[in-house]
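Worksheet: one structure, shown below.
Nothing in this text is a laboratory measurement; each read-out follows from the coordinates by a stated rule. Everything numeric here is computed off the predicted structure, so don't read it as measured data. A quick note on method: Cβ atoms are made from the backbone with ideal geometry, for glycine too, and the neighbour counts reach across all protein chains shown.
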Amino acid sequence: MKLFDSHCHLDDRAYDDDIREVVTRMNSAGVAAAMIVGTTRPRSIKAVSLAESFPGLYASVGIHPHGAKSCDEETLKTLITLSKNPRVHAWGEIGLDFNRMFSPRETQEKWLIRQLEIAAERNLPVIFHERDSNGRLIEILKTYFKNVKSGVIHCFSGNKTELKQYLDLGLYVGITGIVTIKKRGADLRKLVPLIPVDRILIETDAPYLTPAPEKNHTLRNEPAFVRSVLLKLAMIREQDPEDLSAKIWDNTCRLYGIET
């Protein structure tokens with residue numbers, strides 16, 4: 001199987017001491033590619049640097065809703081320049097998070113809309129973060145997503161109605177290790193069969209959301225573990241793992257505009 005971890009954070013300090021070993025384990029597990037997702041200006045710079053340093057690594061740039069209060073046009077100018085690097089294939093992680101409220105709601109919305117405009121100008125797909133926005137992200141997307149190339153709802157954890165709305169907008173759906181967790185992933189497992197096979201992506205969100213069985217041995221997630229997400233998906237959907245992995249590989253490359 002050839003796997004693509006569509007969303008990870010190898011720029012996190014958790015990997016500073018053993019990034020080469022992490023990439024080696026990733027490749028040994030059949031994970032041939034991974035998208036390192038930017039969340040701040042410094043972390044986007046680091047993501048691009050890592051993508052330049054290792055074959056199979058790609059990067060996105062963006063300002064996460066948690067950091068929206070620190071965003072300004074000068075920051076976005078830096079990200080626009082970074083986005084012209086050939087290793088950058090997406091804009092994000094952007095969106096709304098009304099759970100922790102690290103940035104005010106109106107500030108999150110302002111910079112989400114501004115970044116959607118930039119993604120459209122740069123012809124880049126968008127990686128979306130959504131948590132407890134109670135339909136507000138979908139409202140904004142219905143107005144401002146029309147000119148954007150494409151996008152993915154990262155770490156989908158919504159309900160059936162939200163899933164349909166995302167699919168109607170043409171979005172891909174990212175599934176994390178939550179799907180492998182007995183109690184926490186129960187609702188997600190019910191929805192997984194409803195996602196068209198040409199819209200599914202797999203992701204780790206590493207170093208977070210370690211899947212089972214790896215979570216029984218380590219707290220830190222890494223791209224190699226995306227294999228467990230694929231195997232769980234194949235079991236739930238009653239599909240051959242190799243066939244499903246090939247389709248998801250194609251989905252990810254199509255979304256990110258990567259030729260392999």
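Based on a Kirkwood Rh over C-alpha pairs, give the Stokes-Einstein translational diffusion coefficient of the stretch 1-113 at 37 °C and viscosity 0.692 mPa s in µm²/s. List each step's numbers first, then the result.
Details: Rh = 14.6 Å.
Translational diffusion coefficient: 225 µm²/s.
Run the simple label-point estimate for Glu139 and Gln239 please: 7 Å along Cα→C-beta, distance reported in nm.
3.4
Pull up all non-local amide H partners of Ser150: gap of 5 or more, or a different chain, and H-to-H distance under 5 Å with H placed in the peptide plane.
Val126
Translational diffusion coefficient of the chain at 4 °C, 1.567 mPa s, Stokes-Einstein with Kirkwood Rh over Cα pairs, in µm²/s as a whole number.
The diffusion coefficient I find is 72 µm²/s.
Quick check: convex hull of the Cα atoms in the stretch 123-260, volume per residue, rounded to a whole Å³?
109
Enumerate the calculated ³J(HN,Hα) couplings along the stretch 255-260 in order (Karplus 6.51 cos²θ - 1.76 cosθ + 1.60, θ = phi - 60°), each rounded to whole Hz, writing x wherever the residue is Gly or Pro.
Values, residue by residue: 4, 8, x, 9, 9, 10 Hz.
I need the trypsin sites (Lys or Arg not before Pro) found in the stretch 158-240, filtered to DSSP loop residues with at most 16 other beta carbons within 10 Å of theirs.
On the way: sites: Lys160, Lys164, Lys182, Lys183, Arg184, Arg189, Lys190, Arg199, Lys215, Arg220, Arg227, Lys232, Arg237; in loops: Lys182, Lys183, Arg184, Arg220.
Here the sparse-neighbourhood loop sites are Lys182, Lys183, Arg184, Arg220.
Relative to a virtual label point 7 Å from the Cα of Ser28 in the Cα→beta-carbon direction, which members of the stretch 206-227 show backbone nitrogen distances below 14 Å?
Within reach of a label on Ser28, which here means backbone N under 14 Å from a point 7 Å along Cα→Cβ, the stretch 206-227 contributes 223-225.
If the chain between Arg220 and Glu21 were fully stretched, how many nm would it gain, using 0.36 nm times the residue separation less the Cα-Cα distance?
Details: separation 199, 0.36 × 199 = 71.64 nm, distance 1.37 nm.
Answer, rounded to one decimal: 70.3 nm.
Of Ser83, Thr176, Ile195, which is farthest on the positive side of the dipole of the chain, counting Cα position, with +1 on Lys and Arg Cβ, -1 on Asp and Glu Cβ, and the Cα centre as origin?
Projecting each Cα onto the dipole axis, the largest value belongs to Ile195.
Which loop-located chymotrypsin sites (Phe, Trp or Tyr not before Pro) does the stretch 42-98 contain, where loop means any DSSP state but H, G, I, E or B and the Cβ has at most 15 other Cβ atoms within 10 Å?
Sites meeting the loop and neighbour criteria: Phe98.
Non-local amide H neighbours of Ala90 (under 5 Å, H modeled in plane, Pro and chain starts lacking H): which ones?
Long-range HN contacts for Ala90: Val61.
Residue by residue through the stretch 118-127, which ³J(HN,Hα) values in whole Hz follow from phi under the Karplus form 6.51 cos²θ - 1.76 cosθ + 1.60 (θ = phi - 60°), with glycine and proline marked x?
Result, ordered by residue: 5, 4, 5, 5, 8, 6, 10, x, 10, 9 Hz.
Name the residues whose placed amide hydrogens come within less than 5 Å of the amide hydrogen of Gly95, ignoring near sequence neighbours (fewer than 5 apart) on the same chain.
Residues meeting the amide H criterion: His129.
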